[in-house]
1. Check off (1) without any contact (Cβ under 8 Å) to a residue 60 or more places away in the chain; (2) open to solvent by less than 50 Å² (accessible area, probe 1.4 Å) for C301 and give me the number that stays unchecked.
2. Looking only at region 33-51, decide whether some residue is open to solvent by 10 Å² or more (accessible area, probe 1.4 Å), assigned to a helix (DSSP H, G or I), at pLDDT 95 or above and among the hydrophobic types (A, V, I, L, M, F, W, C).
3. With a cut-off of at least 3 residues that are farther than 19 Å from G346 by Cβ and out of contact with any helix residue (DSSP H, G or I) (no Cβ under 6 Å at 6 or more places or on another chain), name the helices (runs of 4 or more DSSP H) lying wholly within region 218-307.
4. Of everything in region 299-345, what is under 17 Å from T157 (Cβ atoms) and either out of contact with any Phe, Trp or Tyr (no Cβ under 9 Å at 6 or more places or on another chain) or modelled with pLDDT of 90 or more (or both)? Give them in sequence order.
5. For region 141-153: of the residues being open to solvent by 10 Å² or more (accessible area, probe 1.4 Å) and in a helix (DSSP H, G or I), which is farthest from F326 (Cα to Cα)?
6. What number of residues in region 82-98 are open to solvent by 10 Å² or more (accessible area, probe 1.4 Å) and in a helix (DSSP H, G or I)?
7. Any idea how many residues of region 55-65 are within 18 Å of P42 (Cβ to Cβ) and open to solvent by 20 Å² or more (accessible area, probe 1.4 Å)?
8. E529: modelled with pLDDT of 90 or more and of a type in the set (D, E), yes or no?
Amino acid sequence: MSGQSRPRHRANLVADVAAGLIVVLCLFSHLGAIGLVGPDEPRYGWIARAMASSGDWVTPRLYGQPWFEKPVLYYWAAALGFLIHLPAEWASRLPSAFAALAAAIAIGWLGWKFYGAESWPFASPFLMAPLIFSTSIAAIGFARAAGPDMLFSSALTVTMASSAVVLSRRGALRSENDKQANTNRAEHFALAIFGASLALAVLAKGPASILLTTGTLGTWALAISRWRDAFRLVHPIVIAVFCVVALPWYVLCELRNPDFLRIFIFQHNFERYLTPIFQHRQPLWYFVPILILGLLPWTVCLWPALKEGLQLWQQKSWSDSPGFFFGCWAVFPLLFFSFSQSKLPGYILPAIPPLALLVAVGLQRRILAQKSPVSLDPRARWILVAVGITWIALALSAAHWVNRLPTAARDVPGKMISHISIIVIAGGIIIAVLGFLGNRRALLLSFFLIALCVEVAGARILPALDPFISARFHGDLLRNHRHPDRVFTFQLTRSWQYGLNFYLGREVAEWSPADPEAALVLTTPQGLEEIRKTGRVQGALDEPYEGILYVPVLPAAR
């Protein structure tokens, strides 16, 4: 190794290690900082835990009954964690964290293959794409969500990455690092990966994966008239691998449960998309602000990617551009789910990896490819300034969220949020100043600032909020109750009900005023008023105990 190459090699190694640590911290740290929240996490966790304990790896069951809202991939992955006795939160969330890591690696590899490397280590999309994805709000949040969304998004990411390899081998996409040796073998391997990852996406969330994949490829092929290359992906290898991976569970589940396909395919897919049957109706533009929020703090960096696309359009060089292919990949899920009659934030997650890749490429072309870290094009400096302003705006908005916390929850977490907000504002100012001076190291400071926020949130803020938004605290408190059969709930939200069921390990019954026996009832202030009307509550009660009222109900008068 020459004397000049040693410092560069050392710098590349340091950059790789630093990027890897940031990615791992953002996706894996403090997965158990907060208990399972919302109605979905404890419900999915219950099904996975039941699958591990029962040994039935075919039929998902909620409270002993078949539950066909989602396919089986997430339950399999989480059940493995329960089998090796991981804490419930880690077992339930590790599948999403590993899936997010797989998506980050896939788009990093795409950045290396189609855009090459740069002299400054962080200038390459090989590092920038995984960093931008892993430090986005969408990735940080859904990597910690116990559910199939990230597995679905990750499987689609690998599907589209492998399809890009096949298309580049056919000459339909330009590639800067495309080795021509062993072309057939490499293409066949990519086709096998395409079929397997598409099958995993079908096992994660169902036929929507096929619609998104064919829609993306069809949009791309229609725009540039490359139908023959697109149909290359309908290869016998793809079909064979897809069938081997995806079909056995679907066939076996239908044989054991004759109503499975009717419930899952028609009710939880077609009816969910075509009708507001599940009460998740939102306006047509709903996913636009969700996408803007999900990409934070990098949303403003979409502008260089748009500028790059406009330049390709003006030069009429977009027909074989990988950027146009990645753009179709990002836009089609947005359009497809915008017309759905049922909309949830997680639906847009498949668009985040390609957008992170496009942001990385746009930054590379407009900012990072400069030979000097302090001599940027003045027209590009405002992007770094805008990143700093974004940080300041996020910190100032934290005060709004502190005011929305329960009164009893504002002490420790409120102070920590205030303290970290001051640090973030100072960091945002430094980033904006560095950007104004044309120093691209402003981006590096942003990555470290995100890592700091994730660490502080996981170590201090979320554990302090846990009793107010998760049933884990109450489950630990009630697990050894002397009369567990006399503990009930009354008019609790679905989130609290499913959470208590999970942490108590049983389906907690709803209390009825007709029940004449004494009981401990967990309820809300509104529920307490209903119970008071029975005349079986004596004296005043304190404020809700960590978000829930514990109401001792007296026996009915004989």
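1. (1)
2. Taking every residue of region 33-51 in turn, at least one turns out to be open to solvent by 10 Å² or more (accessible area, probe 1.4 Å), assigned to a helix (DSSP H, G or I), at pLDDT 95 or above and among the hydrophobic types (A, V, I, L, M, F, W, C).
3. So the answer is 236-256.
4. F325, F326, G327, C328, W329, A330, V331, F332, P333, L334, F336, F337
5. Selected residue: G141.
6. 8
7. Step one: of region 55-65, the residues within 18 Å of P42 (Cβ to Cβ) are 60-65.
Subset that is open to solvent by 20 Å² or more (accessible area, probe 1.4 Å): 61, 63-65.
The number of residues fulfilling the criteria is 4.
8. It is false that E529 is modelled with pLDDT of 90 or more and of a type in the set (D, E).
The values are calculated or read from the model by the stated rules, or taken from the named source; none is laboratory data. As the structure is a prediction and not an experimental result, all values here were calculated from the model. Neighbour counts are summed over all protein chains in view; Cβ atoms, including those assigned to glycine, are modelled from backbone coordinates with ideal geometry. SASA here: full protein model, heavy atoms, side chains in, ligands and nucleic acids out. Shrake-Rupley method; radii C 1.70, N 1.55, O 1.52, S 1.80 Å.
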